[in-house]
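Contents: one structure, followed by commentary.
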Amino acid sequence: MSNILHGLDITMCRGKGYDNASAKAGVHSGVQARICQLNPKALFVPCTNHSLNLCGVHSFATVPSCATFFGTLENLYVFFSGSTYRWTILLTNVEVRGKRLSETRWNAHCEAVKPLFKCFKKISNAIEELFGASETIETRGTAQTLLPSMCDFSFLCFLCLWNNVLKEVNHVQKYRVTFN
């Protein structure tokens, strides 16, 4: 750890801030614990942006209908990205690419919701193209399962809700990054 400090005197440190990952924030064996051994006066202040990310990522998982919404969203991404053929069909219908959800980056949820919100009909059309008899049974089956899930009333309500919420959260996070 002393190599990382570049000659700084750790005993003069009065605060330390980093993400809440156990490797860093761990009170028993993380960086926080090691610095506290050298200097108990160095208070740990968790990174607010990382804390906001963790709150967002874990908050939706407590509501089953939200978890279902994001699960369907992830299934859409996995379905199209799992085949270059299906990805090409998506790109011929939609000019915006979907993104994969992330367990640690809440703004990735925003980037996953936004294209579906903006191009819902075009993405639906891309899925309908994969209903054809020339498609594999797996492709047809998944497409025929995804489309009704997407067109479900609660899914559409969550799409509108999360698009607006995540847009605002994304603005706050971008501001926090530039502010810090």
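Observations, loosely collected:
- The set of residues in region 76-111 that are modelled with pLDDT of 90 or more and of a type in the set (A, V, I, L, M, F, W, C) comprises L76, V78, F79, F80, W87, I89, L90, L91.
- Criterion applied to F120, F131, F79 was being under 15 Å from L159 (Cα atoms) and among the aromatic types (F, W, Y), and the one residue passing it is F120.
- Cβ pairs under 6 Å, 6+ apart, first in region 76-98 and within 17 Å of T136 (Cα to Cα), second acidic (D, E) and surrounded by 13 or more Cβ atoms within 10 Å (Cβ to Cβ): I89/E129
- Of all the residues in region 43-68, those that are assigned to a loop (DSSP other than H, G, I, E, B) and either surrounded by 17 or more Cβ atoms within 10 Å (Cβ to Cβ) or of a type in the set (F, W, Y) (or both) number 1.
- Enumeration of residues in region 72-84 that are surrounded by 13 or more Cβ atoms within 10 Å (Cβ to Cβ) and not hydrophobic (A, V, I, L, M, F, W, C): T72, E74, N75, Y77, S81, G82, S83
- Look at region 140-152: where a residue is over 19 Å from K121 (Cβ atoms) and a partner is part of a helix (DSSP H, G or I), sitting 6+ places away or on another chain with Cβ atoms under 7 Å, you get T142/F79.
- For region 77-113, the tally of residues that are among the hydrophobic types (A, V, I, L, M, F, W, C) and farther than 16 Å from L166 by Cβ stands at 8.
- Options K121, K99; residue that is surrounded by 18 or more Cβ atoms within 10 Å (Cβ to Cβ) and of a type outside the set (A, V, I, L, M): K99
- Cβ pairs under 6 Å, 6+ apart, first in region 39-64 and closer than 26 Å to S154 by Cα and in the same structural domain as V113 (by the TED database), second among the small types (G, A, S) and modelled with pLDDT of 70 or more: A61/A67
- Applying the criterion of at least 1 residues that are β-branched (V, I, T) and within 30 Å of T48 (Cα to Cα) to the helices (runs of 4 or more DSSP H) found wholly in region 69-180 leaves 107-118, 153-179.
The values are calculated or read from the model by the stated rules, or taken from the named source; none is laboratory data. Computed from a predicted structure; not experimentally measured. In this analysis, Cβ positions are derived from the backbone assuming ideal geometry, glycine residues included, and neighbour counts consider all displayed protein chains.
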